[in-house]
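Heads up, the thing below is written out as structure tokens.
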Amino acid sequence: MAKDMLDFNVDAAEKNIDVSKKLKVGIIGTGWIAEAHIMQYLEMPDVEIVAGADLVEGKAEAFFKQFGVEGARCYPDHKSMLDNEELDAVSICTYNATHAECAIYALKKGVNVLLEKPMCVTLEEGIEIMKAEKESGKIISIGFQPRLDPNMVKLKQIVESGVLGDIYYIQTGGGRRRGIPTPFGTTFIQEDTGVIGAMGDIGCYSLDMVLNAIGYPKPLTVTGYTSNFFGKDPEYFKAEGKPAEYADIFGVEDFAAGFIRLEGGIILDFRIAWAMHLDTPGDTIIMGSKGSLRIPSTECWNGSIGGPMKVYSTVAGSMVETEFPMIEDKSKGNFYKKVRSFLDAVKEGGKAPVPTSQIIYNQAIIDGIVKSAKAGKELKIEIPEV
Ligand SMILES: NC(=O)c1ccc[n+]([C@@H]2O[C@H](COP(=O)([O-])OP(=O)(O)OC[C@H]3O[C@@H](n4cnc5c(N)ncnc54)[C@H](O)[C@@H]3O)[C@@H](O)[C@H]2O)c1
């Protein structure tokens, strides 16, 4: 049975793991986030990690050594790995620029894909991924683990309860005062590897938070803005203890804003910042005809809910507020659930836990902001049928 992300239960999933057949898994891109993937796979009794690939010579070998995985074969790129291995599934953990080519190649080889977020870097690439998915009949799930957090699940339940009535306006996004990510290099900030900056790193999460909660309505038009005042400033990097030259190679946006019309007459007002002269650009709010919801922002926007959510409504003529205490996640965490729900779907021939049919709208908004910012005007979002 396909697992719905809303009611994914770790304990039940763990009890039901069938170890009689091991899934052969490969990892494409053995950088930072691949560590989180391999740590989960190592917890799965029904997974055999058989191969890995990275463009950087020796990186995949060092990666498997670090995690004590013996016998995994290493390749210099995704193609050579997929050409030479019989795999059930791959994790694609490459930088944004190569998400699409790796995902399409894997699907064409008949391999199920767990693809890191953002789905890709343009709407056109997203459509090509969906075509390859359709032709292959395989599963591709996009790595949005924050939606598995119990507080995010609660958010969706609040919206689905109908307590907000007709939703007409959403403000979301977030930011960091200082948070341009250069943890182990510059792949997030270079145009040829990151392609999109703050939007691909953290903006896609805040879009997923609200769009998933309200059922992913189609985006219709977008007015977008992007800028890079912090990333292009050598003083920023010097103050952060990083090379000033990072400013020269900075080729993506560190701030983006968008005003998006969604199907159903809903306005989405979005902004995201890797850096800014401000503590927060505001909480997420969802305004409805019967009630409104406030989702407190986190100090350093990281895809989670910053504090108890509050519904504002009117009951028997009195204006009231209902606070939802934060729910502590006592299970193995969102990343475990992301990988486990993907593996279960692969084994059971179920649906992708985070499907491209939803995330293509997330990508279309990001793509629309980029294109509208360049055009300097509002644009229609046209999403071809696949
Ligand atoms: N879900 C999360 O919480 C989360 C957190 C961080 C990053 N990410 C996402 O993960 C992705 C990777 O981020 P990262 O920080 O690990 O980047 P990284 O630069 O540390 O690692 C990416 C690796 O992919 C390799 N690579 C690129 N193209 C390849 C190809 N065709 N074949 C084989 N290897 C290839 C690179 O050589 C590099 O080693 C990004 O898209 C990012 O948005 C997700």
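Readers should treat all values here as calculations from the given coordinates under stated rules, not as data from a laboratory. Owing to the predicted nature of the structure, the values given are computational and were not obtained by experimental measurement. Positions of Cβ are backbone-derived with ideal geometry, glycine not excepted, and every protein chain shown enters the neighbour counts.
Quick notes on this structure:
- Relative contact order [Cα under 8 Å, 6+ residues apart], the chain, whole percent: 21 percent
- Among 68, 28, 352 - extreme Cα towards positive end, dipole of the chain, charges at beta-carbon: 352
- log10 of Debye I(q)/I(0), alpha-carbon scatterers only, for region 39-183 at 0.12, 0.21 Å⁻¹: -0.66, -1.34
- Taking the Cα centre of the chain as origin and assigning +1 to Lys and Arg Cβ atoms and -1 to Asp and Glu Cβ atoms, the resulting dipole is close to 600 debye.
- Intensity falloff of region 1-90 expressed as log10 I(q)/I(0), Debye formula with alpha-carbon point scatterers, at q = 0.10, 0.24 Å⁻¹: -0.29, -1.18
- Prolate/oblate/rounded call for region 304-347, Cα gyration tensor, a/c under 1.5 rounded: prolate
- By other beta-carbon atoms within 10 Å, ranking 209, 287 with the fewest at the front produces 287, 209.
- When the charge dipole of the chain is built from unit charges on Cβ atoms (+1 for Lys and Arg, -1 for Asp and Glu) and taken about the Cα centre, the candidate among 289, 195, 315 whose Cα reaches farthest toward its positive end is 315.
- When you work out D = kT/(6 pi eta Rh) for region 139-247 at 4 °C and 1.567 mPa s, using the Kirkwood radius from C-alpha pairs as Rh and the Stokes-Einstein form, the result is 78 µm²/s.
- Estimated FRET transfer efficiency when R0 is 56 angstrom, pair residue 374-residue 16 (beta carbons, to 0.05): 0.70
- Average projected area [Cα convex hull, region 268-386], square nanometres: 12.3 nm²
- When exposed loop sites are taken as GluC sites (Glu not before Pro) in a DSSP loop with at most 16 other Cβ atoms within 10 Å, the longest stretch of the chain clear of them is 87-190.
- Dmax and Rg, reported as Rg then Dmax, of region 279-326 (C-alpha, Å): 12.2, 39
- Each of 254, 11, 269 was scored by other Cβ atoms within 10 Å of its Cβ. Arranged with the fewest first, they read 11, 269, 254.
- In percent, rounded to a whole number, the relative contact order of region 182-331 is 18, using alpha-carbon pairs under 8 Å and six or more apart.
- Evaluating 6.51 cos²θ - 1.76 cosθ + 1.60 at θ = phi - 60° for every residue in region 71-78, the Karplus couplings come out as x, 6, 7, 10, 10, x, 6, 5 Hz, glycine and proline recorded as x.
- Put a plus charge on the Cβ of each Lys and Arg, a minus charge on the Cβ of each Asp and Glu, and nothing anywhere else: the dipole of region 1-102 about its Cα centre is then about 100 debye.
- Using the rule -39500 (n - 2.57) for each DSSP H run of four or more residues, divided by the residues of the chain, the 222 nm mean residue ellipticity is -9500 deg cm²/dmol.
- If both residues of a DSSP beta bridge must be in the chain, then about 60% of such bridges are antiparallel.
- Counting every other Cβ atom within 10 Å of each residue's Cβ, 10, 320, 210 order from fewest to most as 320, 10, 210.
- Restricting the calculation to Cα atoms, every distinct pair contributes to the Kirkwood radius of region 72-149, found to be 12.7 Å.
- Convex hull volume of the Cα atoms of region 190-263, normalised per residue: 98 Å³.
- Computed E for residue 124/residue 318 - FRET, C-beta separation, R0 51 angstrom, nearest 0.05: 0.50
- Estimated FRET transfer efficiency (residue 332, residue 382; beta-carbon r; R0 51 Å; 0.05): 0.80
- Normalised by 2.2 N^0.38 Å, where N is the number of residues, the C-alpha radius of gyration of the chain stands at 0.98.
- With Cα atoms as the point set, region 37-106 shows a radius of gyration and Dmax of 11.7, 32 Å.
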